[in-house]
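Reading through the structure tokens given below for one structure.
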């Protein structure tokens, strides 16, 4: 379960999250789509997990958000992609929103968190983050959503981070190397994948915390 930001965010200045990532607020995002091309294929599901930092400089996972998305008019839906995700975009009981409405709801708590943490922009954290960021940017542009809180091209990639810290680049294997159990039945849900990516990101960054906190002295001696 996510820990309460109010219970853990009484941080000393050096351990404010705004200082840890150069003014950026890491927010984990995962998308499920109808294909691999953000210009032509539908965004079907999007989830985000906020990241917090406690008074000791330890990252933790915060609140999660997930929205189902209606395919835009003329969107491509690749049967192979739908088979992987298990999503039926036209299911009568699927509580899907138009792209613009889904992103507006997703962005609202992220902008509030930016303000609360005095951060300038959110930076997308994803597993193979370039894919998620491409779809996010394409949907923002297509739906003409204003006030996108995310940096347009910078991101943190847990595939890279997992490879460096744990020697594993596949999310399932990196999560296992970090000590987390993997539920195959819940995988390929945007919410589950985002939450596991968030746990992996926090674990990896926390594991190298001593290196980061010692970096000013090390850099000065180079």
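Take region 84-104 and flag every residue that is part of a helix (DSSP H, G or I) and either closer than 13 Å to residue 41 by Cα or modelled with pLDDT of 95 or more (or both).
Initially, region 84-104 is screened for residues part of a helix (DSSP H, G or I), giving 84-85, 99-104.
The answer is 99, 100, 101, 102, 103, 104.
Any residue at all in region 142-158 that's free of Cβ contacts under 8 Å to residues at least 40 places away in the same chain and assigned to a helix (DSSP H, G or I)? Spell out how you get there, then give the answer.
Of the residues in region 142-158, the ones free of Cβ contacts under 8 Å to residues at least 40 places away in the same chain are 146, 152-153, 155, 157.
Still in the running and assigned to a helix (DSSP H, G or I): none.
Among the residues of region 142-158, not one is free of Cβ contacts under 8 Å to residues at least 40 places away in the same chain and assigned to a helix (DSSP H, G or I), which makes the answer no.
A quick yes/no check of all residues on (1) farther than 24 Å from residue 88 by Cα; (2) buried (at least 18 other Cβ atoms within 10 Å of the Cβ):
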{"residue": "142", "(1), (2)": "no, no"}
{"residue": "148", "(1), (2)": "yes, yes"}
{"residue": "153", "(1), (2)": "yes, no"}
{"residue": "180", "(1), (2)": "yes, no"}
{"residue": "189", "(1), (2)": "no, yes"}
{"residue": "194", "(1), (2)": "no, yes"}
{"residue": "200", "(1), (2)": "yes, yes"}
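Of the listed requirements (1) at pLDDT below 95; (2) over 17 Å from the mean Cα position of the chain (by Cα); (3) surrounded by fewer than 18 Cβ atoms within 10 Å (Cβ to Cβ); (4) in a loop (DSSP other than H, G, I, E, B), residue 14 misses just one: (4).
Among residues belonging to region 100-113 that are touching a residue at least 24 places away in the same chain (Cβ under 8 Å) and over 18 Å from residue 194 (Cα atoms), point out the one that is surrounded by the fewest Cβ atoms within 10 Å (Cβ to Cβ). Reasoning before the result, please.
Taking region 100-113 as the starting set, the residues that turn out to be touching a residue at least 24 places away in the same chain (Cβ under 8 Å) are 100, 102-107, 109-111, 113.
Add one more test, that the residue is over 18 Å from residue 194 (Cα atoms), and what stays is 100, 104, 111.
Values: 100: 17, 104: 16, 111: 13.
Ranking the qualifying residues of region 100-113, first place goes to 111.
If you check 174, 116, which single one turns out to be in a helix (DSSP H, G or I) and exposed (fewer than 15 other Cβ atoms within 10 Å of the Cβ)? Full working, then the answer.
On the way: 174 fails: exposed (fewer than 15 other Cβ atoms within 10 Å of the Cβ).
Testing whether each residue is in a helix (DSSP H, G or I) and exposed (fewer than 15 other Cβ atoms within 10 Å of the Cβ) leaves just 116.
For region 22-49, the tally of residues that are part of a loop (DSSP other than H, G, I, E, B) and modelled with pLDDT of 95 or more stands at 9.
Quick check on residue 124: is it part of a helix (DSSP H, G or I) and within 13 Å of the chain's Cα centre (by Cα)? If you could, list the steps in order and put the result at the bottom.
Details: part of a helix (DSSP H, G or I): no; within 13 Å of the chain's Cα centre (by Cα): yes.
Here the answer is no, as residue 124 does not meet what is asked.
For region 66-99, name all the residues that are surrounded by 16 or more Cβ atoms within 10 Å (Cβ to Cβ), within 20 Å of residue 184 (Cα to Cα) and either touching a strand residue (DSSP E or B) at 6+ places or on another chain (Cβ under 6 Å) or in contact (Cβ under 8 Å) with a residue 60 or more places away in the chain (or both). Of everything in region 66-99, those that are surrounded by 16 or more Cβ atoms within 10 Å (Cβ to Cβ), within 20 Å of residue 184 (Cα to Cα) and either touching a strand residue (DSSP E or B) at 6+ places or on another chain (Cβ under 6 Å) or in contact (Cβ under 8 Å) with a residue 60 or more places away in the chain (or both) turn out to be 66, 85, 87.
The values are calculated or read from the model by the stated rules, or taken from the named source; none is laboratory data. Fair warning: this is a prediction, and the values are worked out from it, not measured in the lab. Neighbour counts are summed over all protein chains in view; Cβ atoms, including those assigned to glycine, are modelled from backbone coordinates with ideal geometry.
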